[in-house]
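Enquirer: Provided herewith is a single structure, encoded as structure tokens, for subsequent inquiry.
Laboratory data are not the source of any read-out in this text; all were calculated from the coordinates shown. A quick note: this is a predicted structure, and the numbers were derived from the prediction, not measured. Counting neighbours? That spans all protein chains shown, and the Cβs are built from the backbone with ideal geometry, glycine included.
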Amino acid sequence: MLVSRLGAVFRRANAQNITSQLKGIPRASVGSDFFSTSRLASSGSSGGYLFSRSCSIYGFGNLRKSLLGPSPRKMSNSATAISSINSEATCSGLKLLVTKGPLAQKQVGVWLFGCAAWVFSLVILGGVTRLTRSGLSMTDWKFTGTLPPFSEDEWLLEFRKYQQSPEYKRVNKGMTLQDFKFIYWMEYAHRMWGRALGVVFAVPFAYFLMKRYITYQLGARLSALFGLGAAQGLIGWWMVKSGLKEPESEYTQPRVSPYRLATHLTSAFVIYCGTLWTALSVVMPEPPTESLNWVNGASRIRKLALPISVLVGFTAVSGAFVAGNDAGHAYNTFPKMGDSWIPDDVFSMTPLYRNFFENTSTVQLNHRILATTTLISVASFWWAARKIDIHPAIRSLIGSTMGMASLQVILGISTLLSYVPVPLASGHQAGALSLMTIMIVLMHTLRKPSPAILKSLSSLPKSKG
Ligand code: HEM
């Protein structure tokens, strides 16, 4: 649903942009079936990297066309028209990240969106691994990975290693080999899915570099994302190791450090958002703009949307601490926490800061407060945006933010009230990622257009907007 909604937003963004750009352009200048322009700006070659730059400023439409088939709105025609507006000089002012034309742009875009979707699925798989208590089943780790046990003897060997772990001794004593195989496969799948992402990222990256599709700026960003991905594997093992240690008190259940779990999850969010942002920048180097009024409207919306994005980020990280402390298994009531609004023990730990990260009551209270503040802020944002003159694609995204934030709160409350069942809890996690997705697309759509676009806008007839 989210994908089709976002698809509709992009279609709308492109169509709106394009129809307006078409005004004032003789119909004869409009091509028929070639979406992006093939005008090459020689200025791009001066850096040695961009020896040709295509003015395909609506690359997403190109991507959309390849994924969904031709649109009845004939966006392709219009983009060619845009090339008529943008002279070679304005073309060189665009922030293109991929060289060698629209096909290269499409290939790199599809690859990066695919990687972002992979990260999304990896986060969900990691969540299910945690929720089924499978994360501590593999007691060692190699960066390159190992083959799973094949023979019964190999399985027994792995099982014996697990039987030495505190989790087996305190929580799973008496577990059958069959049950062990389930938790082992969950963890194994999570690790291998992560490693496979490394290959899916690195091989096309090397290919695109070899083909010289990638600008220096994009190459640097992608290398940083690759580095973060590799570090994520190490962080994952650092997290698991903390759960293999004997807990300090004999009454506590072994579990990974909430700090390490939150680091692992936050880092996954950063990788996801970074990959998605980069994919969007590849296929949509310029935000949708039609008139100066809409550019000004977008700038006002940006000022409101930025703090909300930060708030969504904080709420998600506070959720990671709820998960890391298993705090969803306490106070399974809403809006009150048990019989009170604020539990008595919220500041019972010393030093004070530990309560915010390790105290079940405080961690859950924090998450409730941040989530409620997020919902209220998103609702106020949506209300305030009604009166601002903005591009319909942006309005659509603000509506989606409102819808997704409400759904996320409903999912969170349902997860809590029903004692954290796996499907609801992972739905809540997917909801958090979906909300972030919409915020990223919104922030990306709200970027300032480049001076070249602003210049061409100010030269358009003032009738619009
Ligand atoms: C904008 C709103 C919200 C956002 C962005 C958000 C985000 C998150 C995230 C990212 C997690 C960690 C998920 C995981 O790794 O498994 C989480 C966990 C959790 N959240 Fe929320 N949340 C929101 C609202 C709420 C609300 C209103 C409640 C209920 C009062 C709630 C209850 C929970 C619970 C119980 C967990 C732990 C689930 C588990 O152990 O897997 N959330 N939240």
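Enquirer: With each label point set 7 Å from Cα along the Cα-Cβ vector, what nm distance links Lys455 and Leu417?
Expert: Reported label-point gap for Lys455 and Leu417 is 5.9 nm.
Enquirer: If each residue's Cβ is checked for other Cβ atoms within 10 Å, how do Lys387, Lys241 rank with the fewest at the top?
Expert: Lys387, Lys241
Enquirer: Which of Cys115, Cys273 has the fewest other C-beta atoms within 10 Å, and how do the rest follow up to the most? Don't skip to the end; give the middle numbers.
Expert: On the way: Cys115 24, Cys273 20.
Ascending number of Cβ neighbours within 10 Å: Cys273, Cys115.
Enquirer: Now for a separate question. Dipole of the stretch 290-448, Cα-centred, from +1 at each Lys and Arg C-beta and -1 at each Asp and Glu C-beta, to the nearest 20 debye?
Expert: Here the size comes out at about 780 debye.
Enquirer: Taking 7 Å along the Cα-to-C-beta vector as the label spot, tell me the Leu292-Gln253 distance in nanometres, rounded to one decimal.
Expert: It is 6.3 nm.
Enquirer: Between Phe356 and Lys245, what length in nm is gained on full extension when 0.36 nm per residue of separation is reduced by their alpha carbon distance? Spell out each step's value before the answer.
Expert: Values: separation 111, 0.36 × 111 = 39.96 nm, distance 2.31 nm.
Using 0.36 nm per residue and subtracting the Cα-Cα distance, I get 37.7 nm.
Enquirer: Using 23 Å as the Cα-Cα cut-off, could you pick out the over-long pairs in Lys95/Lys387; Lys106/Lys303; Lys142/Lys181; Lys142/Lys211?
Expert: Details: Lys95/Lys387 31 Å; Lys106/Lys303 31 Å; Lys142/Lys181 19 Å; Lys142/Lys211 33 Å.
Check vs 23 Å cut-off fails for Lys95/Lys387; Lys106/Lys303; Lys142/Lys211.
Enquirer: Give the distance, in whole Å, between the Cα centre of the stretch 227-301 and the Cα centre of the stretch 343-400.
Expert: 18 Å
Enquirer: While we're here: Bin width 10 Å, origin at 0, all Cα-Cα pairs of the stretch 221-350: what percent of pairs per bin?
Expert: 10, 24, 29, 20, 12, 4, 0
Enquirer: Taking the beta-carbon count within 10 Å as an exposure proxy, list Met138, Met436 from fewest neighbours to most.
Expert: Values: Met138 23, Met436 20.
Arranged by neighbour count, lowest to highest, Met138, Met436 become Met436, Met138.
Enquirer: Please list, by residue number, everything in the stretch 262-281 whose backbone N is under 20 Å from a paramagnetic label point 7 Å out along Cα→Cβ of Trp141.
Expert: 262-272
Enquirer: What ³J(HN,Hα) values, in whole Hz, does the Karplus curve 6.51 cos²θ - 1.76 cosθ + 1.60 give for the stretch 317-324 when θ = phi - 60°, with x put for Gly and Pro?
Expert: Listing the rounded values in order: 5, 5, x, 4, 6, 4, 5, x Hz.
Enquirer: Determine one quarter of the surface area of the Cα convex hull of the stretch 290-448, which equals its mean projected area, and express it in nm² to one decimal. Can you show the working numbers first?
Expert: Details: hull surface 38.8 nm².
So the Cα hull casts an average projection of 9.7 nm².
Enquirer: Let me ask another. Run the dipole for the stretch 100-282 about the Cα centre, Lys and Arg Cβ at +1, Asp and Glu Cβ at -1, nothing else charged, and hand back the magnitude in debye, nearest 20. Mind showing how you got there, number by number?
Expert: On the way: 20 positive and 11 negative charges, 130 e Å.
That gives a dipole near 620 debye.
Enquirer: By how many nm would the segment from Gln164 to Leu228 lengthen if fully extended, with 0.36 nm per residue of separation less the alpha-carbon distance?
Expert: Contour length minus Cα-Cα distance gives 19.8 nm.
Enquirer: Using the per-residue mean of other Cβ atoms lying within 10 Å as a proxy for protection, in what order, highest first, do the peptides 152-159, 177-184, 332-339, 361-368 fall?
Expert: 361-368, 177-184, 152-159, 332-339
Enquirer: Still on this structure: Give the calculated FRET efficiency between Met349 and Ala384 to the nearest 0.05, with a Förster radius of 41 Å applied to their Cβ-Cβ distance.
Expert: Once the sixth-power term is evaluated, E becomes 0.55.
Enquirer: Here's something else I'd like to know. Specify whether the C-alpha gyration tensor of the stretch 100-282 places it in the rounded, prolate or oblate class, a ≥ b ≥ c being the square roots of the eigenvalues: rounded for a/c under 1.5, otherwise prolate if a/b is larger than b/c and oblate if not. It would help to have the intermediate numbers written out before the result.
Expert: Details: a/c = 3.07, a/b = 2.16, b/c = 1.42.
Note, shape of the stretch 100-282 comes out prolate.
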